[in-house]
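Here's the structure we're looking at; comments come further down.
The numbers here are math on the coordinates, done by the rules we state, and not lab data. Just so you know, these numbers come straight off a predicted model, no measurement behind them. Note that each Cβ is placed from the backbone with ideal geometry, even for glycine, and that neighbours are counted across all protein chains shown.
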Amino acid sequence: MRSLLLTALIATPCLAEELPNPQLLPTTKAIHEKIAAKADPKAQEMKGYTEPVPLAEGGTVELLPIPAGKFKIGSPDGEAKRGEDESPQKEIAIEPFWMAKVETTWDVYRPFMENGKSRNKDGTLNRDSDMTTSEAPEAKESETLIDTITQPTPPYIPMHFSMGDGYSKDYPAVGITHHAANKFCEWLSAQTGHFYRLPTEAEWEYACRAGTTTAYSFGDDPAQLPEYAWFMENSEFQYQKVGVKKANPWGLHDMHGNAAELVHDQYLPDAYAKIKDGAVNPWIPAPNRYPTVFRGGHWDAAPETLRSAARSKTDPALKVVDPQNPKSIWYFTNASWLGFRIVRPLKTPSIEEMHKAWNMGPGPTVE
């Protein structure tokens, strides 16, 4: 298999020579060793499985196998498009991976968000009572490897936004930044001994389409959306329970609607123009805080934004309701509709690739 890193650095090849946040590399190395020690020879069978999350007190993540294949990324000619997804279609190849059956839910995300540790603004452990400093990630005294992973400071407002049943296991975790989602994946990987990350934009669309070439995974007729998605016409102006609507052909729920889903890539309006036909696992790394890509539409979105090919992007306006200066790198306080789901590639990456996956953010942007 071709290396994910080498095939992925399409738009910014200079990043191959740089390692983000080198101070955090010891933690990545320790997690990599744990994952390597747990290597499962039966993993090649690519069967679905349920992953227990030890720190989530009974919380689990169910993952489904996504087979390798080729597809055309982007909107075909004649499909109702929005301005931000007018890049030309490209045929690309995707290697096998597992993807979460549903969006990440509060029961597994909340223990990461409310981690019970005094933390600096950047999420490192605060040992000197100064939240503006950054401290080394080495575990001390009663601290664990998982403690050393940068994790959020407490949220300024309830991040369930008074929707649903509060922080319920039945609802998607929302209001999450690209950086926070990446670090959640690291936190989860450290507990489980499996490598998790956000899906690339290409992986996400490939899994959403599930072998289809239509506007939605169920066809071209938006009149069928209520059977498959929560969106502006049926959501009652709030998110809904995950996994209730019909799944796509590969068994994934809520790929259209409910929570929009962060993916791994920096947003470029002409992203597909930079991809060569036949590229394997394309990925555009996101060293900058904005804009990054999210997919799938959401509970307050119009039908055309729920298409398999529709693209959207993050921006600073998603943090307007945050009085801090600088604003938190962990929360989108104006995005009660933005969440994520996780993937696990069949091939476990190198230490450097793993480190990049978890540490591209939060980027140099000043808000």
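When you filter the chymotrypsin sites (Phe, Trp or Tyr not before Pro) in the range 221-266 for DSSP loop state and at most 10 other Cβ atoms inside 10 Å of their Cβ, you are left with F237.
For Cα pairs less than 8 Å apart in space and 6+ apart in sequence, what is the mean separation divided by the residue count of the chain, i.e. the relative contact order in percent? Don't skip to the end; give the middle numbers.
Details: 814 pairs, mean separation 90.8, N = 367.
It rounds to 25 percent for the chain.
Comparing mean-square fluctuations of T177, T104, T144 from a GNM of the chain with C-alpha springs under 10 Å, the top value falls on T144. Sites listed here are GluC sites (Glu not before Pro) in the range 85-189 whose DSSP assignment is loop and whose Cβ has at most 12 other Cβ atoms within 10 Å: E138, E141. Treating each Cα of the range 136-218 as one equal point scatterer and applying the Debye formula with no solvent, the log10 of I(q)/I(0) at q = 0.24, 0.26 Å⁻¹ comes out as -1.18, -1.20. Taking Q324, Q238, Q151 as the candidate residues, the one with maximal mean-square fluctuation in a Gaussian network model of the chain, Cα springs under 10 Å, is Q324.
In the elastic network of the chain, a GNM with C-alpha springs shorter than 10 Å, the most mobile of P249, P323, P282 is P323. Estimated translational diffusion coefficient (Stokes-Einstein, Kirkwood radius over Cα pairs, 37 °C, 0.692 mPa s) of the range 238-359: 201 µm² per second. Note on the range 4-359: the alpha carbon radius of gyration divided by the globular reference 2.2 N^0.38 Å gives 0.94. Equivalent ellipsoid of the range 306-367: semi-axes from √(5λ) of the C-alpha gyration tensor, largest first, are 26, 19, 10 Å. Computed over the range 88-200, the percent of Cα pairs more than 18 Å apart is 57.
Rounded to the nearest 5, what % of DSSP beta bridges with both residues in the chain are antiparallel? Numbers along the way, then the final one.
Details: 27 of 31 bridges.
Of all bridge pairs located within the chain, approximately 85 percent are antiparallel.
For the range 91-104, putting each phi into the Karplus relation 6.51 cos²θ - 1.76 cosθ + 1.60 with θ = phi - 60° gives couplings of 8, 9, 10, 10, 7, x, 7, 9, 9, 4, 5, 9, 5, 4 Hz, in residue order, rounded to whole numbers and with x for Gly and Pro. Taken over the range 129-267, the percentage of Cα pairs per 10 Å bin, counting from 0 up to the bin with the maximum distance, is 10, 30, 34, 17, 7, 2. Can you list the lysines whose alpha carbon sits under 17 Å from that of K274, skipping same-chain ones fewer than 8 residues off? In chain and number order, the partners are K72, K90. Averaging the Cα positions of each part gives two centres, and for the range 177-242 and the range 22-69 these lie 19 Å apart.
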